[in-house]
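Before any comments, here is the structure.
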Amino acid sequence: MLRVLPTFVPPFTLLTLGIIRRQGLQNTLISYVGVGVGFLNNVFLFTHFLAKAELGLIRLLIQVGVMVALPAALGLPNVAARFFPGFRDRADRHGGFLWLLLSIPTALYGVVALLFLLAKPAVLAYYAGHSELLPRYLDWVLVLGFGFLVYNLLDAYLRSLYKTVVSSLIQDVLLRLGTATAVGIYALGWVSFDGFVALFVGVNFLGTVGLAVYAAWLRQLFVWPDWRAFRGGCLAEMLRFGLFSVLGNLSNTVIATVDSLMILRFGTDADVGVYTTAFFVTSVLLVPARSLYKIATPQVADFWHQGAIPQLADLYRRISLLNLTAGGYLFAGLWANVDVLFRLLPPGYEQGRYVILLMGLGRLFDMATGINGVILYTSARYRWDLFFNLSLGALTVLSCWYFVPRYGITGAALASALTLVAVNIGRLAGVWGWFRMQPFTRRTLVVLGIIGAAYAAGAAVPALGSPWLDLVARGTVITVVYGGLLLGTKAVPDVAVLVGGVIKRVR
């Protein structure tokens, strides 16, 4: 019998696991509602009421906006995760930490915006002939980027306070509903495409306003100038850590966006629209992991702060197993129904079939390796996480440059999936080598077997004529087989705890 908890677990650890279960479950439920809204947006609204080129433009604006925001952030969202436990004191306004978090990035954003405007002619010349829409709307990137910058800083601050549910609600549900409303207004002909782009940017900016209002409602929005954090003894270490983090995050952003940019360079806006739609479909796999990571990141920082290494190792294994369990179930259902999905989309989107397969496998491996990245960048070895990220950012660019001209959007997915696998192998090796922690147990093999059995059962269901009947039938079979085997083998104890808690609440 595998031990799930160490022989002695301090009360704080039990509290920690309770917080992760509770907020992780709440975030997951919210995220699944968001996935439902996102599915309706991408399968019906976006693909049926936006041309492929228009859809490609919207996705490019988001990705480039993230890239523009990142240098100004200076890695401070990661600084919050690692250093905030030493400042946490509400009565003392957390020692001016929020002012530090917001003031430097917003000032630097002006410099980044200026550099962006200077580089704009070269960017447009590089993509000349490949995109008719980008030259008209590229300036909106600056507005989106500023909204993303402030949103991420406030989100990191609230995560450090263990307040994650509202940000999940805003990001996963409300923003998607707002985007759906904007598409509906455009589809009804009430605004031109220019007006739609303005509405889309405005909806995303409202998410930032929502987080600020929520922090104010919590009476935690300490934005009055407070320079105490700047004078603190650990400021130099915080900035040094932030510099390494921003370089690492820049690499992650390159990994996430270079595929679309390469597709546009060697194809068209329409190719980007097809690719990013298929790419989005696989993002459903990440919902459980993102929900857990939001609350687990500050917990990991607290464990390092207290020197609770055995408890951190246990958390590492638990989250890895939960991620694989949830992601495997979703991947089995997605790939078993991939042909049904393309019957619901307009013609031409079936080119993204192998994008779904490759990215789905890459994301599943990413989830199964757990919080290795979080453990590294919140530890004293955070510089090595930068090394992994920079090396693999370069690998992504080179692999996309090789595969995209030869295999189009499938090549972009292959490059991205290989990068996900490579970066996580490096991190796994680092965490094991330095801290003697690794996330896999015999239960991992059992869950992999359950995933394979559930997929085989779902794929064996014959076509019933209607895509909706096919979805329901295959989904039901996969759910019954997966859930039955999972509970019967007791491979994931935390799932049994969650199910037991739900049953108890219902009773």
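Would you point out the residue of the stretch 354-395, among those that are within 17 Å of PHE331 (Cβ to Cβ) and hydroxyl-bearing (Ser, Thr, Tyr), that is surrounded by the fewest Cβ atoms within 10 Å (Cβ to Cβ)? Step through it out loud before you land on a result.
Residues of the stretch 354-395 within 17 Å of PHE331 (Cβ to Cβ): 354-370.
Still in the running and hydroxyl-bearing (Ser, Thr, Tyr): 354, 369.
Numbers: TYR354: 16, THR369: 24.
Only one residue fits best here, namely TYR354.
Within the set of pairs 6 or more residues apart or between chains, which connect a residue that is free of Cβ contacts under 8 Å to residues at least 60 places away in the same chain inside the stretch 449-473 to a residue that is part of a loop (DSSP other than H, G, I, E, B) and surrounded by 13 or more Cβ atoms within 10 Å (Cβ to Cβ) with Cβ atoms less than 8 Å apart?
ALA473/VAL461; ALA473/LEU464
Any idea which of TRP224, TRP190 is over 18 Å from the mean Cα position of the chain (by Cα), in a loop (DSSP other than H, G, I, E, B) and at pLDDT 90 or above?
The match here is TRP190.
I'm trying to understand the selection: among the residues of the stretch 136-146, which are of a type outside the set (A, V, I, L, M, F, W, C) and either touching a His at 6+ places or on another chain (Cβ under 6 Å) or crowded, with 21+ Cβ neighbours inside 10 Å (or both)?
Within the stretch 136-146, just GLY145 meets the criteria.
From the set of residues in the stretch 359-409 that are within 19 Å of the chain's Cα centre (by Cα) and among the charged types (D, E, K, R), which is nearest to SER245 (Cα to Cα)?
Checking each candidate, the answer is ASP385.
Would you mind stating whether LEU50 is surrounded by 23 or more Cβ atoms within 10 Å (Cβ to Cβ) and modelled with pLDDT of 75 or more? Walk me through it before giving the result.
Details: surrounded by 23 or more Cβ atoms within 10 Å (Cβ to Cβ): no; modelled with pLDDT of 75 or more: yes.
Taking the combined requirement at face value, the residue does not satisfy it.
Surrounded by fewer than 18 Cβ atoms within 10 Å (Cβ to Cβ), over 28 Å from PHE280 (Cβ atoms), more than 22 Å from the chain's Cα centre (by Cα) and at pLDDT below 90: is that true of ARG442 in this structure?
When the stated conditions are applied, ARG442 does not pass them.
With the condition kept exactly as written, say whether any residue in the stretch 194-207 is crowded, with 17+ Cβ neighbours inside 10 Å and either without any contact (Cβ under 8 Å) to a residue 12 or more places away in the chain or hydroxyl-bearing (Ser, Thr, Tyr) (or both).
For the stretch 194-207, residues crowded, with 17+ Cβ neighbours inside 10 Å and either without any contact (Cβ under 8 Å) to a residue 12 or more places away in the chain or hydroxyl-bearing (Ser, Thr, Tyr) (or both): absent.
Residue-by-condition table, conditions (1) within 19 Å of VAL37 (Cα to Cα); (2) of a type in the set (Gly, Ala, Ser); (3) at pLDDT below 90:
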position: VAL143; (1), (2), (3): no, no, no
position: TYR157; (1), (2), (3): no, no, yes
position: LEU161; (1), (2), (3): no, no, yes
position: VAL165; (1), (2), (3): yes, no, yes
position: ASP172; (1), (2), (3): yes, no, yes
position: LEU177; (1), (2), (3): yes, no, no
position: THR181; (1), (2), (3): yes, no, no
position: TYR186; (1), (2), (3): yes, no, no
position: ASN204; (1), (2), (3): yes, no, yes
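If I ask for residues that are hydrophobic (A, V, I, L, M, F, W, C) and within 19 Å of ALA270 (Cα to Cα), which ones from the stretch 126-151 would you list?
Looking only at the stretch 126-151, we keep the residues that are hydrophobic (A, V, I, L, M, F, W, C), and these are 128, 133-134, 138, 140-144, 146, 148-150.
Listed by number, the residues that qualify are ALA128, LEU133, LEU134, LEU138.
Tally up the residues in the stretch 120-149 that are within 24 Å of GLY210 (Cα to Cα) and of a type in the set (Phe, Trp, Tyr), please.
Total satisfying the criteria: 3.
Just name the residue that is farthest from the chain's Cα centre (by Cα) out of those in the stretch 309-325 that are surrounded by fewer than 20 Cβ atoms within 10 Å (Cβ to Cβ) and of a type in the set (A, V, I, L, M, F, W, C).
Among those that are surrounded by fewer than 20 Cβ atoms within 10 Å (Cβ to Cβ) and of a type in the set (A, V, I, L, M, F, W, C), it is ILE309.
Out of the stretch 452-468, which residues are of a type outside the set (A, V, I, L, M, F, W, C) and assigned to a loop (DSSP other than H, G, I, E, B)?
Those that are of a type outside the set (A, V, I, L, M, F, W, C) and assigned to a loop (DSSP other than H, G, I, E, B): PRO462, GLY465, SER466.
The rows are residues; the columns are (1) surrounded by fewer than 20 Cβ atoms within 10 Å (Cβ to Cβ); (2) assigned to a helix (DSSP H, G or I); (3) within 24 Å of the chain's Cα centre (by Cα).
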position: LEU55; (1), (2), (3): no, yes, yes
position: PHE84; (1), (2), (3): no, yes, yes
position: HIS94; (1), (2), (3): no, yes, no
position: LEU101; (1), (2), (3): no, yes, yes
position: THR106; (1), (2), (3): yes, yes, yes
position: GLY110; (1), (2), (3): yes, yes, no
position: LEU124; (1), (2), (3): yes, yes, no
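Tell me whether the stretch 417-434 contains one or more residues that are farther than 26 Å from VAL461 by Cα, among the aromatic types (Phe, Trp, Tyr), touching a Lys or Arg at 6+ places or on another chain (Cβ under 8 Å) and modelled with pLDDT of 90 or more.
Yes: one or more hits.
The values are calculated or read from the model by the stated rules, or taken from the named source; none is laboratory data. None of the values given here were measured: they were computed from a predicted structure. Here the Cβ is made from the backbone with ideal geometry for all residues, glycine too, and neighbour counts use every protein chain on show.
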